[in-house]
There are 2 protein chains.
Amino acid sequence: MALAGIIPGGGASLRDFTASRSVQVVDRCRLSSKIRAVAAPEKQDVRTSLRRNENIGKLQAGYLFPEIAKRRRAHQEKFPDAHVISLGIGDTTEPITGYVADAMKQAAAGLGTQQGYSGYGSEQGNPKLREAICNRFYRSLGRQPQEVFVSDGSKCDIGRMQMMFGSGAKAAVQDPSYPAYVDSAVMIGQTGGYSDTGYEGIEYMVCRPENDFFPDLSQVRPADLIFFCSPNNPTGAAATRKQLQELVDFASSNGSVILYDAAYSLYISDPNCPKSIFEIPGAETCCIETCSFSKYAGFTGVRLGWTVVPEQLRYADGQQVIKDWNRVTNTIFNGASNIAQAGGLACLEPEGMKEMQQTVDFYKENASILLQTFEELGFKVHGGKNAPYVWIAIPGKPSWDTFADILERTHIVTTPGSGFGPAGEGFVRASAFGHREDILEAVQRFKKAYGS
Amino acid sequence: MALAGIIPGGGASLRDFTASRSVQVVDRCRLSSKIRAVAAPEKQDVRTSLRRNENIGKLQAGYLFPEIAKRRRAHQEKFPDAHVISLGIGDTTEPITGYVADAMKQAAAGLGTQQGYSGYGSEQGNPKLREAICNRFYRSLGRQPQEVFVSDGSKCDIGRMQMMFGSGAKAAVQDPSYPAYVDSAVMIGQTGGYSDTGYEGIEYMVCRPENDFFPDLSQVRPADLIFFCSPNNPTGAAATRKQLQELVDFASSNGSVILYDAAYSLYISDPNCPKSIFEIPGAETCCIETCSFSKYAGFTGVRLGWTVVPEQLRYADGQQVIKDWNRVTNTIFNGASNIAQAGGLACLEPEGMKEMQQTVDFYKENASILLQTFEELGFKVHGGKNAPYVWIAIPGKPSWDTFADILERTHIVTTPGSGFGPAGEGFVRASAFGHREDILEAVQRFKKAYGS
């Protein structure tokens, strides 16, 4: 057996512990427990010659939400009897509504029959679903079914988009923003290293109460890609038509591409706030929109979303972006689950649309309860009207400390603002996704802990 | 509205056709139809300043299988009354078996209830499913549940893996091979341009009948990543224990990482051919294995697979690959559909295992029928014994021509060997996935068209 490539990490040689190198390979478990008794295990490990991708190495700590989940578990272990309430990750809690759940049940049962079985679907999604999404949300805005790409969710689409755009693109993000934008930009090599002000090479567009959570575009340096989420995660701010027109004009004049994340659009009730970027004249030549059934239909676990790439969107060389998106979709994706797609189709029928609105309304009422509570407690609080997130200003100490303080005092999980970017410091996000009784219980705990 | 960035592609200026530039943005459809009457439309298109990712530009034509589907559609249009039989893309055709379909039906129905509802699961998969996969296939080989990452399929995992390894890695592939390996390597920037011998920077390990479809490793230049699929798609060859030991030793001695694609493992009946690379001593420090429910349980449309990354697998700097894989999974993936995962769990219970074996046996019998047919017709034919693919030598003309010839003469879709790489030239692949009556009908047509 050729073993020349097995390189002990340094320190004591592996040969000190084993009679022959082949023992080391064949019975690693037993061996490493022996080694651990006498030396640090990392010094004994076999290494490949593969160099770690330095872009992955630039990523800070863990991805935000698993980190929150880890801290929640640690807290639960410390207080095993506590009923921990999560207003942290925006995770839906209410059952999928009857018409939609039934459609998925039928689809799953159908897969067990010759008539109902389907194998590989189009990577781009079931044509009927592409058409239904287009008809419901985009046809009147000039978009076509072939521009709608069904996926297993916006987060996954963002990763694939970054693989499409590559390391040469420069990204701008709202600060604070959903961490997948920045982290995927880092992973693909669009950035330099990290410092207190964020990653080198990312243009952070500060969104704070002072500017109505809309960036001062006169201060923003041009970027190739502008990630923009409205209603915003985490601030809960929904951009107005006037603001979005300003954004589209800014992108057009600089030749930028806007990656518009509309995952919370159905939470908008303010008629001044568009539900799609394609409501804005000029968007079709500078915008991609991604959206999701997760927060409308409780599909966080079912996994279904979509991305719209207009045929008019072109690179500097005149080629169509949609052609590359199609190629990327074909090559590293294989379509969303057919059962999930059957659920998506049901969502877009009249009965399903009604049910989705009921689900959205339920979480919006939660948001309203939270918003009112924090206002009554004297906090400066934002969002919560056109979005399922409430953004609470708690200045004066690091938001991870505030997160810990809230958890200690109330057994309630929130999300620290700094997890969303440097300008999130001094805030925490409370998610409105939760059972009503948990939201009401959370309100009581907040009042007890923070009331005067 | 700022429009300075809207650059006509050259040629006649846009101003020649419109009174004001804002008209051009607001009413593109009407405008472009006007323009088309007088000039080539591509010259009038609005462009962004975003430079196309040159790596995407290196990709040749379309991804193989959508290309096949396109040609099939064109043929069907030409012969609208023909019953076209597809032995092209390896797409399952038989209903999902009762126990498994029922589990998914229950899971979907459960999502409509408070007790059965679940939102975001772990990005890495339901812990119960990770454990079940480990127990069924890997526990006895020393692997642990936390090393098993559940996904929406191996193709998608390959894309994410390439994003993890980045542009600095150099890849080797079996030639011929499943096109996602090479195409994803191109996309992430691991290669140079394309020529008749393939992509510059990819190490093509020729697998032909002359070498028993196993590469002559003495002729292979060391690579960082070695993609290896056994039983192989497209050749149908299953590597023996001796061959895989040779491969693992080769990787170990060069410090390479093997990305082992075991998607067809359950099709192996030869006891000399391992079903997992982790049966090979030394694999745990140089191998990743990816696998899928697609071809075992008919989940091509349901979307469920997994990837195993051993904790012992390390980069040159000693860091664990699994930590980066976990970070990538957290950042650009959100878990497989919970309904699909419920189906996966059912597959791994005794009743589900029995059903999966029945499904596999059915397609193996199809393969056997096809193999025998081509042998009787006097073709040199390979595979089909431990794999659902039959690899037919038809030398002397380009395999795309052979593909077209078969389609014209029999209305049967195959896959041209050259679609899998340069060494696939002179072969076509016939997939054994199909209804039995279609396989038998295909046999009659082949005999009529190619019999003496």
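The values are calculated or read from the model by the stated rules, or taken from the named source; none is laboratory data. Model, not experiment: these values are computed from the prediction. All Cβ positions, glycine included, derive from the backbone under ideal geometry; neighbour counts span all protein chains shown.
Details
- Selected residue (criterion: nearest to residue A:298 (Cα to Cα)) from residues of the range B:108-131 that are more than 13 Å from chain A (Cβ to nearest Cβ) and surrounded by fewer than 21 Cβ atoms within 10 Å (Cβ to Cβ): B:128
- Among the residues of this structure, residue B:391 counts as one that is over 22 Å from residue B:77 (Cβ atoms) and hydrophobic (A, V, I, L, M, F, W, C).
- Top-ranked residue in the range A:292-308 [being more than 9 Å from every other protein chain (Cβ to nearest Cβ) and not in a loop (DSSP other than H, G, I, E, B); ranked as nearest to residue B:109 (Cα to Cα)]: A:297
- Output for the range A:238-261, where each listed residue is surrounded by 24 or more Cβ atoms within 10 Å (Cβ to Cβ) and more than 9 Å from every other protein chain (Cβ to nearest Cβ): A:238, A:239, A:244, A:247, A:258, A:259, A:260, A:261
- Any hit, the range B:147-168, residues being touching a Pro at 6+ places or on another chain (Cβ under 7 Å) and at pLDDT 95 or above: yes
- Qualifying residue in the range A:381-395 (condition: in contact with a His (Cβ under 9 Å, 6 or more places away or on another chain), free of Cβ contacts under 8 Å to residues at least 60 places away in the same chain, under 30 Å from residue A:185 (Cα atoms) and buried (at least 23 other Cβ atoms within 10 Å of the Cβ)): yes
- Scanning the range A:258-272 for residues that are in contact with a helix residue (DSSP H, G or I) (Cβ under 7 Å, 6 or more places away or on another chain) and either farther than 21 Å from residue A:366 by Cα or free of Cβ contacts under 8 Å to residues at least 24 places away in the same chain (or both) returns A:258, A:259, A:260, A:261, A:272.
- Test result for residue B:209, buried (at least 24 other Cβ atoms within 10 Å of the Cβ), farther than 26 Å from residue A:52 by Cβ and either at pLDDT below 95 or in the same structural domain as residue B:346 (by TED's automatic domain parsing) (or both): no
- Any chance residue A:270 is within 8 Å of chain B (Cβ to nearest Cβ) and surrounded by fewer than 22 Cβ atoms within 10 Å (Cβ to Cβ): no
- Among the conditions (1) without any contact (Cβ under 8 Å) to a residue 40 or more places away in the chain; (2) outside the structural domain of residue B:108 (by TED's automatic domain parsing), the only one that residue B:287 does not satisfy is (2).
- Scanning the range A:320-329 turns up at least one residue that is in the same structural domain as residue A:279 (by TED's automatic domain parsing) and not in a helix (DSSP H, G or I).
- Annotation for the range B:418-431: at least one member residue is touching a helix residue (DSSP H, G or I) at 6+ places or on another chain (Cβ under 8 Å) and of a type in the set (Ser, Thr, Tyr).
- Residue within the range B:297-308 that is more than 22 Å from residue B:431 (Cβ to Cβ) and without any contact (Cβ under 8 Å) to a residue 40 or more places away in the chain present: no
- Residue, farthest from the other protein chains (Cβ to nearest Cβ), within the range A:141-163, restricted to residues that are in a helix (DSSP H, G or I) and over 24 Å from residue A:64 (Cα atoms): A:145
- Verdict on residue A:95 being within 7 Å of another protein chain (Cβ to nearest Cβ) and surrounded by fewer than 22 Cβ atoms within 10 Å (Cβ to Cβ): yes
Conditions tested, residue by residue: (1) in contact with a helix residue (DSSP H, G or I) (Cβ under 9 Å, 6 or more places away or on another chain); (2) within 14 Å of chain A (Cβ to nearest Cβ); (3) closer than 26 Å to residue B:257 by Cβ; (4) assigned to a strand (DSSP E or B).
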position	(1), (2), (3), (4)
B:310	yes, yes, yes, no
B:334	yes, yes, yes, no
B:353	yes, no, no, no
B:363	yes, yes, no, no
B:368	no, no, no, no
B:374	yes, no, no, no
B:387	yes, no, yes, no
B:390	yes, no, no, yes
B:404	yes, no, no, no
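- The listed residue being surrounded by fewer than 23 Cβ atoms within 10 Å (Cβ to Cβ), at pLDDT below 95 and out of contact with any strand residue (DSSP E or B) (no Cβ under 7 Å at 6 or more places or on another chain), out of A:196, A:216: A:196
- Residue match in the range A:273-293 (condition: aromatic (Phe, Trp, Tyr) and closer than 26 Å to residue A:210 by Cβ): no
- Test: residue in the range B:92-105 that is in contact (Cβ under 8 Å) with a residue 24 or more places away in the chain, touching a helix residue (DSSP H, G or I) at 6+ places or on another chain (Cβ under 6 Å) and among the aromatic types (Phe, Trp, Tyr): yes
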